[in-house]
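Asks: Here you go, one structure.
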Amino acid sequence: MSKPAPKTKPAPTKIPGIYKLDCVRDVAESLNIPNLPDAVASALASDVEYRIQQVVEEAARFMRHAKRTTLTTSDIDQALRVLNIEPLYGHFPHNPPTFRRALPFPQMQSAGSVYFVEDEEIEFDRILREEKITMPKGVSWTAHWLAVEGVQPLIPENPPAVPKEDTEGKQAAATVLPGGKQTQQQPLLVKQTLSRELNLYYARLTSSLNPQTSDYSKRTAALASLRHDAGLSPLLPYLAQWVSEGVVSTLRTGSQTDNDGKMLEVFLDVISALLDNQTLGVEPFLHQLLPAVFSILLHSALPPSHANHLRVTAAQILSHLLTHYSMTYPGLPTKIVKMLIVGLIENKKPRQTNEGAIRGLMAIGKEAVRLGLVDRQGAKIVGEKCMPGEQSTLVDLVMEGLRMLHPPSQRPVPLDPNSGADSAVVERLRTQLGDFFAERVIGDSAWARGILSDDAAGAL
């Protein structure tokens, strides 16, 4: 028995869209694409109709959110932006264009209605009578110096400087009481300018750093907090003031006790921790931290059990400052080296100050050592304070600095005073290094010439 043939379903009738194929062909012909196939035109028309529907749906969503019932051009612009399409320019919601319906064409009854935007009639007499609007200048920018090494230049871009007389008058008026009595202005307390949490943190931090009231573990935790915490910027001026005043008060007593040495070590550790914290801007407070470092490095009455460690740590901090802030402050290396050289070459300075100055120069680098010991004759001045054949920490530091300039030879050959070239080197050694250290260098001719050579010297 044969099976009946399957019934074929009739093909669905294709409903024409809103966007006609003729419109697609017109656009294609305007782009020099003649004879566009019907399949391509139908696909393009369907896609255009889908895109228009998508834009209108997004615009209607904006209209509903705005509690409106009228679709505006701003809704279309927002919809285009959401769909990552460049918006249409020239249409404004506050001044919508007015469309007028054109008269029907008798020749083409099936063409449908045609709408157009009516052009506004402009009266030339009214335009000529109106005031002309000048176009503003274009946006431009220029650079100027806000401050040069902390000094504000007097240029029109910067605010004018306050006269000194006015500031003195305001301070005097602020310090005179109604009864005619004068009082000294007290600095602001921490609790008046900081929040309760930071005030409590500051009190516990300073108490934990005090070696008399805390143990080693608390001091280590406090220094780690200063080195890594990111919210300490409001405390930075108070910490700098605490360090500077603490160093001055500790050195002023001159007791040289073990507790004073531990406290000075804590102050240097605090400075080092603040410099290591990458989230803090320490530049505005260098003028408070540098005197504390120099006071410890060049002081002549440090506790004997801590003096060597204190001077080494202070010299390392100076090296850290020059490494990280010499580009920001170009005059900083010159000022630091000048202060160290003054502590080295002045005859009235004690031997302990000379030791600190030499350690600071060695921490800075070879050029600073050459400038202080050789060019400024610092080794000669130190040698005049030493006894013949003396072996001390100061002598060892000078010899270490000379070895830093040029390493000694493994097989030294002494200088010959009877030779013309060697006698000139010996004479120059005695002039630059003095008799005390010249006698220790004469036994190695290569070392002596390396110390006196200016090839590695740099300008500071």
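The values are calculated or read from the model by the stated rules, or taken from the named source; none is laboratory data. Nothing here was measured: the structure is a model prediction, and the numbers come from that model. Don't worry about glycine lacking a Cβ; one is built from the backbone with ideal geometry, like all the others, and counts go over all protein chains shown. Ligands, DNA and RNA are stripped out before the accessible areas are found, and what is left, the full protein with its side chains, is counted by its heavy atoms. Shrake-Rupley method; radii C 1.70, N 1.55, O 1.52, S 1.80 Å.
Asks: Put 197, 390 in order of accessible area, largest first, 1.4 Å probe: what do you get?
Replies: 197, 390
Asks: Let me ask something additional. Using a 1.4 angstrom probe and counting only protein chains, how large is the accessible area of residue 202 in Å², to 10?
Replies: Result for residue 202: roughly 40 Å² accessible.
Asks: Of (i) 22, 47, 27, 5, 0; (ii) 25, 59, 15, 0; (iii) 15, 28, 18, 16, 16, 6, 1, which is the value of P(r) over Cα pairs in 20 Å bins from 0, in percent derived from the coordinates here?
Replies: Matching the structure shown: (iii).
Asks: Now, a different point. In the chain, which helices (entire DSSP H runs) extend 30 Å or more along their own long axis, judged by Cα positions, while averaging at least 0.5 on the Kyte-Doolittle scale?
Replies: Once both thresholds are applied, nothing remains.
Asks: Hey, another quick one. Could you size up the charge dipole of region 197-407 around its Cα centre, putting +1 on the beta carbon of Lys and Arg and -1 on that of Asp and Glu, and report it in debye to the nearest 20?
Replies: My answer is approximately 460 debye.
Asks: List residues of region 391-420, by number, whose backbone nitrogen lies under 20 Å from a label position 7 Å along Cα→C-beta of residue 308.
Replies: It comes to 391-404, nothing else.
Asks: To continue, here is another question. Stretch residue 236-residue 316 to full length: gain in nm at 0.36 nm per residue minus the Cα-Cα span?
Replies: Additional length available on full extension: 26.7 nm.
Asks: Separate question: Take the residue pairs 338/380; 218/338; 338/366 and return only those whose Cα atoms are more than 27 Å apart.
Replies: Correct reply: 218/338.
Asks: Restricting to DSSP H runs of at least four residues, report the calculated mean residue ellipticity at 222 nm for the chain, -39500 (n - 2.57) per run over all residues, nearest 500 deg cm²/dmol.
Replies: After summing the helix terms and dividing by the residues of the chain, the value is -17000 deg cm²/dmol.
Asks: With +1 on each Lys and Arg Cβ and -1 on each Asp and Glu Cβ, how big is the dipole of the chain about its Cα centre, in debye rounded to the nearest 20?
Replies: Using only the charged Cβ atoms, the result is roughly 1300 debye.
Asks: With the radius of gyration and the Kirkwood radius both derived from the Cα set of region 297-453, what is their ratio Rg to Rh?
Replies: The Rg/Rh ratio comes out at 1.00.
Asks: How long is the gain from residue 118 to residue 213 if the chain were fully straight, where each residue apart is worth 0.36 nm and the alpha carbon distance is subtracted?
Replies: Once the chain is fully extended between residue 118 and residue 213, it gains 25.2 nm.
Asks: Continuing with the same structure: Stick to the Cα atoms of region 15-93, pair each with every other, and give me the Kirkwood hydrodynamic radius in Å at one decimal.
Replies: 14.2 Å
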